[in-house]
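Student: This is the structure, below, for whatever I ask next.
The values are calculated or read from the model by the stated rules, or taken from the named source; none is laboratory data. Computed from a predicted model, the values in this text were never measured in an experiment. Glycine gets a Cβ as well: all are built from the backbone with ideal geometry, and neighbour counts include every protein chain shown.
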């Protein structure tokens, strides 16, 4: 959308398109630093973000000057809208409809970043994970002892199965659900099964 409605091969048009996309990437970087351990270990400070090329020194100083107790991942979106308004005033955008479409894409991108941050911000209660884990393992132990056929010496009992197939399948099913739930608690970690957000940053840098 940006390339379509901000045409031109001159340096100013190229710089404008590049700056707008850098603002979007910076918004994603700030969110990823908040939710991913791998990205946080890679970009430990804002200086590391600047050295990686996602932010300029002037933007870093502006970011630090804003006093807030919440995550300021939305601040690059504010810079984006300000630059877009200036570009429209200078006639760098084809028409107002193009500016509206670009702004619509930005708002959609910002909302998705907010969903990611909210997903990490509102964590699963610890008591819930403890109860689920304890009940699952208790069920496994109870099945091991409770579903055995005991020969009490009576001639009326004949054991014809030494392997409880359905009990084993049920245990595997419940344990599999438990392991999946444990990985869903932190999907942006450093395990092999987690989402590799560092790869996404490298692809869009």
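Student: Can you tell me how many residues within the range 73-87 are more than 25 Å from the chain's Cα centre (by Cα) and surrounded by fewer than 17 Cβ atoms within 10 Å (Cβ to Cβ)?
Tutor: The number of residues fulfilling the criteria is 4.
Student: Can you name every residue in the range 101-127 that is exposed (fewer than 12 other Cβ atoms within 10 Å of the Cβ) and more than 26 Å from residue 71 (Cα to Cα)?
Tutor: Within the range 101-127, just 127 meets the criteria.
Student: Failed condition for residue 15, given (1) surrounded by 15 or more Cβ atoms within 10 Å (Cβ to Cβ); (2) without any contact (Cβ under 8 Å) to a residue 24 or more places away in the chain, with all others met?
Tutor: (1)
For (1) within 17 Å of residue 2 (Cβ to Cβ); (2) without any contact (Cβ under 8 Å) to a residue 24 or more places away in the chain, each residue gets a yes or a no:
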residue: 46; (1), (2): no, yes
residue: 50; (1), (2): no, yes
residue: 54; (1), (2): no, no
residue: 65; (1), (2): no, yes
residue: 69; (1), (2): no, yes
residue: 85; (1), (2): yes, yes
residue: 110; (1), (2): yes, no
residue: 137; (1), (2): no, yes
residue: 145; (1), (2): no, yes
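Student: Here is a further query. If the requirement is being under 20 Å from the mean Cα position of the chain (by Cα) and surrounded by fewer than 17 Cβ atoms within 10 Å (Cβ to Cβ), which of these qualifies: 39, 49, 70?
Tutor: Residue meeting the stated conditions: 70.
Student: Before we move on, is residue 20 buried (at least 17 other Cβ atoms within 10 Å of the Cβ), at negative phi and touching a residue at least 24 places away in the same chain (Cβ under 8 Å)?
Tutor: For residue 20, the condition - buried (at least 17 other Cβ atoms within 10 Å of the Cβ), at negative phi and touching a residue at least 24 places away in the same chain (Cβ under 8 Å) - is met.
Student: Moving on. Somewhere in the range 72-81, is a residue under 30 Å from residue 9 (Cα atoms), assigned by TED's automatic domain parsing to the domain that holds residue 11, in a helix (DSSP H, G or I) and free of Cβ contacts under 8 Å to residues at least 12 places away in the same chain?
Tutor: yes
Student: Out of 55, 60, which single residue is assigned to a helix (DSSP H, G or I), over 24 Å from residue 189 (Cβ atoms) and more than 19 Å from the chain's Cα centre (by Cα)?
Tutor: Result: 60 is the single residue among 55, 60 that is assigned to a helix (DSSP H, G or I), over 24 Å from residue 189 (Cβ atoms) and more than 19 Å from the chain's Cα centre (by Cα).
Student: Residue 127: within 28 Å of the chain's Cα centre (by Cα), at pLDDT below 85 and not in a helix (DSSP H, G or I), yes or no?
Tutor: So residue 127 fails the test.
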